[in-house]
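Written below as structure tokens is the structure these notes are about.
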Amino acid sequence: MGNEFRMNRRQVLAGGLALGVSAATGRAAFAQDRMFLPFSNKSLDYYFFVIEEEAVKRAVEGRKWSFQSTNANFDNTKQLEQWQSLMLSQPVGLVADPIDSQAIVSAIRRYNQKKIPVAIIDTPADGGDVAITVSFDNHLGGVMAAREIIDRLTKKYGSPRGKVLNCYGALASVAWRQRKEGMDEEFAKHPDITYISRPTEGQLDQMLSVTLATLSEHPDLDAVHAPSDSPARGIATALQQKGRWKKAGEEGHVIFVTIDGEPVAVKLLQEGYMDACVSQDPIAYGEIAVEMLEKHSMKGEAVPLGAYENKKYFWEKGEIVEGATGPTLIIPPFIINGDNASDKRHWGYVAEQEWGVPYT
Amino acid sequence: MTGQTMKHEATDAITDVGSGTDFALRVENVSKSYGAFYALRSVSLNIRRGSIHGLLGENGAGKSTLVGIISGQRTPSSGAIYLDGKEVANADVRAMEEAGVFLVTQEPMIIDHISAAENLMLGIWPSSGGFVRWGRLKADAARMLKGSGIDPDVNAGRLNAVARRKLNILRAMFSGGKVIILDEPTAALTVPDRRQLFDFMRQLKNDGVTFIFISHYNDEILEICDAVSVLRDGSLAGGSEDVASLTSEQLSELVLGRGLVLFQRERRTFASEPVAVSLRNVVAHHVDLDELDIRRGEIVGFTGLPGAGAKELARAIFGLNAARSGTIGFAGDAGQSLPRHPQAAFDRGIAYLSDDRRKDGVVGHLSIAENIALSSLGRRASFGFVQRGQEASLCDGYFASMGIRAPNAEAVVNTLSGGNQQKVCLGRVLATEPRLLILDEPTRGIDVGVKQDVLRIIDGLSKTGVSVIIVSTDTDELVRAVDRVCVFRHGAIHEAVTGDDIATENLRRLAQA
Amino acid sequence: MSTVMTTTAPKETTGQTNVGMHKVVGWILHNVVWIWLVALILGFGMFNEFFLTVMNMQNIMVQATVLGMLGLAVALPLLVAEIDLSIPANLGFSSAIGALAYSDWGMPWFLAMLVGVGVATLIGFFNGLCITKLRMVSLIQTLSMMIILQGALLALTQGKTLTNLSDGYVWIGQASIDGWPVMPLILVLALGLVGILLKMTVLGRSIYAVGGNPLASNSAGIRVDRVKIITYTIAGFLAGVAGFLLASWQMAITSNQGSSYLLYAIAAPIIGGVSVFGGRGNVVGILGGVLLLTVIQVGLAITNVPSFYVGMIGGFMIFIAVAIDAIRVRYFA
């Protein structure tokens, strides 16, 4: 009986393989007229990445090309495997937000071998040949957020002093790590400020508990920072629970500065609860990546260096420079505050109000 | 007769007897097959309401399968079951229990650390709104337990064997049991306990409960049953509605299909034989033995009350119980300290067969062949690889010589009956070619036919020069199988009995004293 | 009246066709992993024209390699009725040690790789010692080991990604002959060796016996503790090799390398018929489980399913596999 099973099992396997092989030869000359441009996303757990994907999708489908996305759920190995699988569909290019700058290099090299142009957004790669990188200077973002806090402390006390809490995110994430490093550096220049840096893994619940704990320990806390908007709602909850949820200028207000510029931040800025937000622009990332691939890379030419200007975006002007992996457009971080929060070019506004992607 | 026509000759014969009576349960032409192997073939039974119906048969005859089908644990391949004249189809255990059929197995399903009352109500707690009503529970339990001699508040772990069995029967009844199947309820019970259990059953029978009573023992069947059915090789071999008119011999003949010849070893003296095994100064848990010599080809019986040292010494010799000191020598050599692990014991020619097959005798999901090879794998391997050809012939050899009843040596041991599993175990230890074979209760829980087979195998082995120790509390077995009986007390041999002094009454007196 | 009757065995008339049906259904359920696998391959082939290509078969084989090694490693402790949750963490940690041995201690890459695999093997051995000699509960002991190793990897890498790997080290992950990647050969080799180990050696027999009934195995003269320790040690070794392969393939070691494999590495052998209660399972089944999971992953990556639903659909496919297996065990075990 056992032998019989083994025999049959082998036959089943052989049958399956034979089918695969025959199908393979039959389809070798499959349609080349189709323009297929996929997007390899790192996660869908954050609004930011969802909008990034939406931007790429709209850009691709607006050109009547076919689109597909993969979600690696912050698993680096999974992302590499998905790149490998996407390659089989003979795409005209690939747009990706890598999870790990270094680990993605081997995959980029494989795309280089196949001469498929790669556009990288948000998290730059460390090597390989990348057609266009559109990203954010996370380090600078951290520095700028720190400066926003320092300015407000100076205004409050006349000199830079007070107590600041940084609810930093997971250090395994390059972006969060660089933001923390930028902020650490800037606060190191101001020894009179008590800088409290605490890990939260970028999780809402941990930001809540860390902020609560810190407020109990230091009721005189002046400012709090989160390196991302979505989990920063935990901080808002903590402030509410401790009776410190006050608008800027009111008695007992805690200075609240974040990074990303999601709809929640734009709203809180308009209302006055939040002081400033260092914004990125995921919509620009996706759109510019697809635009550059279409205009240059897919025609076989390199993306030209020089100024990039587009009034569609709030930041209007950027510079394409030669980076480690090729042409790189670093979109300058910009500050959203009470004065400019109602500008309709903020990505948070476009995503929620124009595209109708609800922010929860 | 309830209206259905019976086509089968055997069932016709039986139902004739019961014509016009009231049947609690009828089994009609039930078969169960596993592939090409038939565990049951067209078996039909009629069980009268308020009777004790004996079910007899050798291990592997199909008793467990039949009971499994009646209790809903297994589904028959064909055939039907009627309860109170109504057919029950595709019933599982729950459905059968709701219909009033309960199986009480050899392993009493009792939770030790809760009270007898709570055990009785397990799963059927009187409750309101999800809360157990303890007052009601205690009152109900006390009412049920009245007359059984069980204190409802006592921790179930402290109940003795007979009380545990009674508790299980009561539990089945309290859950609405009308037909209660007792699978070897007397195993490991003392004579007075057994009598107590039987009285209890008779009392319940008079209250209208129907019992199916499974046993290996003719005398029990004759004592308690009103009717009997005998299974042999998966078929109904016969039965009677009038047990009182039967003799034990007639029953045995039905069970075996031939006249039963009880085995009796020819005892002789071994004084002239060379000493094969010498034990010295063995100290272990419950053991304090100065010396013991066993001669070549001799079979020595160890007996005594639990904790007296017979079983403990056997396990210490094999390395299962750690010995604080002690040596074992073979054929007059200087002797080495006792082995510290069974593997070392096997290497030195000592083999041991546990009294609890399921616990530490067989690996249930492996095949017969794999089990037989298990203890001698290492010595027959080359460079760590199993020698398949050699192994196959070895296993086939023992499969045949042990008379294991199974489709082939690839059958999974779990599917075998207890007696056949015991033969597999015996094959496994014999395959190590021991010089000293220790058998702990080698015939416990196996039927009378297989028992003779096992005793014959051991007898034959001793004639090849192997020394054997049989640890047993079954005096009848000792009388029939051994040359010398060592009665243990306080960890040492209290008395050694040889020759015609090895007699049932004498041994009982010595062991109990 | 005395009514002892003897009867002859009734003749067999019914049941023959039933037996045949039972056999067929049994066969189907026994091979359910493979049948479901073929069905999925064909299904994905219908949705995506690139799925049924030689290139994709190569792709699937590459992606199955690391999972396959881990599946084997997880299966061995399962076979002796224990479990090792630390295997994926061991993969990450040991490969980082191997990489550091090359980049920081200046060892030749091959030696450095052996150091990594050696560390993995030692960790496996240590797990085995804890579980047998100290009688620690394997679920918790290996869980704590997993947390330790994950933490140690983060500490070793300081959150950064290690990419300083020699060309020799990364060769196996990149090399191909005629388009056929070399890496899956290691999996084939490992499957073969473990298969031989389980089927033909005394150790393999002992593993099945110990998993089935440790007490009986002990009485039968098997050194149960020793068998378990060896099993854990081999599992550690396989994890080390898997770590080398993964690092070589992605040419990088991240600070959470391997941790995402945990659930799949446990699921693969169980889907392939390895019992969590020990004593049952074989390499063919494990391979089936590994391929099934890989095909689902690859298929969903290249089929145009909206990404929000991919996780759910993948989960359902695994659920079906497990459900069918449960039915098999229920009716045919």
(message) Students often check this: by mean Cβ neighbours within 10 Å, which of C:122-135, B:478-491, B:125-138, B:53-66 ranks highest, and how do the rest follow?
(response) B:53-66, B:478-491, C:122-135, B:125-138
(request) Divide the volume of the convex hull of the Cα atoms of the range C:285-333 by its number of residues and quote the answer in cubic angstrom per residue. (result) 61 Å³
(message) Given axes a ≥ b ≥ c from the Cα gyration tensor, I'd like to know whether chain C is rounded (a/c under 1.5), prolate (a/b larger than b/c) or oblate.
(response) oblate
(message) How many angstrom lie between the Cα centre of the range C:222-250 and the Cα centre of the range C:131-175?
(response) 12 Å
(request) Let me know the Kirkwood hydrodynamic radius for chain A, please, with Cα pairs as the basis and the value in Å to one decimal. (result) 22.1 Å
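Per-residue Cβ counts within 10 Å, from other chains only, averaged over B:442-455: what number is that?
Numbers: counts 0, 0, 0, 0, 0, 0, 0, 0, 0, 0, 0, 0, 0, 0.
Mean shielding by partner chains, rounded to a whole number: 0.
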(message) I need C:Met113, B:Met402, B:Met109 ordered by Cβ neighbour count within 10 Å, fewest first.
(response) B:Met109, B:Met402, C:Met113
(message) Quick check: Cα centre of the range B:328-392 to Cα centre of the range A:200-234, how many Å?
(response) 65 Å
(request) Go ahead and run the numbers for FRET between B:Asp290 and C:Phe316, Cβ-Cβ distance against an R0 of 60 Å, rounding to 0.05. (result) 0.25
(message) Which lysines, if any, have their Cα less than 18 Å from the Cα of A:Lys317, not counting same-chain residues under 8 positions apart?
(response) A:Lys344
(message) Checking the a/c ratio against 1.5 first, then a/b against b/c, what shape does the Cα gyration tensor give for the range C:231-308?
(response) oblate
(request) Quote the FRET efficiency, to the nearest 0.05, computed for B:Asn160 versus B:Thr75 with a Förster distance R0 of 45 Å and r equal to the Cβ-Cβ distance. (result) 0.75
(request) Run down the lysines and flag those whose C-alpha is under 16 Å from the C-alpha of B:Lys178, throwing out any fewer than 8 positions away in its chain. (result) B:Lys86, B:Lys166, B:Lys205
(message) Highest mean first, how do B:319-329, B:241-251, A:241-251 rank when packing is the count of other Cβ atoms within 10 Å averaged over residues?
(response) B:319-329, B:241-251, A:241-251
(message) Let me check I have the definition right: for the range A:138-279, take the eigenvalues of the Cα gyration tensor, multiply each by 5, take square roots. What are those semi-axes in whole Å, largest first?
(response) 19, 18, 15
(message) Strictly greater than 18 Å: what percent of every Cα pair in the range B:114-157 meets that?
(response) 21 percent
(message) Counting only pairs 8 or more residues apart or on different chains, how many lysine pairs in the range A:138-279 have their Cα atoms under 27 Å apart?
(response) 27
(request) Positive end of the charge dipole of chain C (Lys, Arg +1 and Asp, Glu -1 on Cβ, about the Cα centre): tell me which of C:Ile327, C:Thr142, C:Pro269 has its Cα farthest that way. (result) C:Ile327
(request) Calculate the mean, over all residues of peptide C:272-282, of how many other protein chain Cβ atoms lie within 10 angstrom of the residue's Cβ. (result) 1
(request) Please say if the range B:338-432 is rounded, prolate or oblate, where rounded means a/c under 1.5 for a ≥ b ≥ c the square roots of the C-alpha gyration tensor eigenvalues, and otherwise the choice is prolate for a/b larger than b/c and oblate otherwise? (result) oblate
(request) Mind jotting down the distance between the C-alpha centroids of the range B:134-175 and the range B:445-468, whole Å? (result) 41 Å
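Relative contact order for the range C:49-332 using alpha-carbon pairs under 8 Å, separation at least 6, rounded to a whole percent?
33 percent
Under the definition of Cα pairs under 8 Å and six or more residues apart, what whole-number percent is the relative contact order of the range B:364-513?
Numbers: 163 pairs, mean separation 28.8, N = 150.
For the range B:364-513, the relative contact order is 19 percent.
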(request) Any chance you could list the semi-axes, whole Å, largest first, of the equivalent ellipsoid that the Cα gyration tensor gives for chain B, using √(5λ)? (result) 43, 28, 23
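Every number here is computed from the coordinates shown, using simple stated rules; none is lab data. Here the structure is a predicted model, which is why all the values come from computation and not from measurement. Here Cβ is always computed from backbone atoms with ideal geometry, including for glycine, and neighbour counts include all displayed protein chains.
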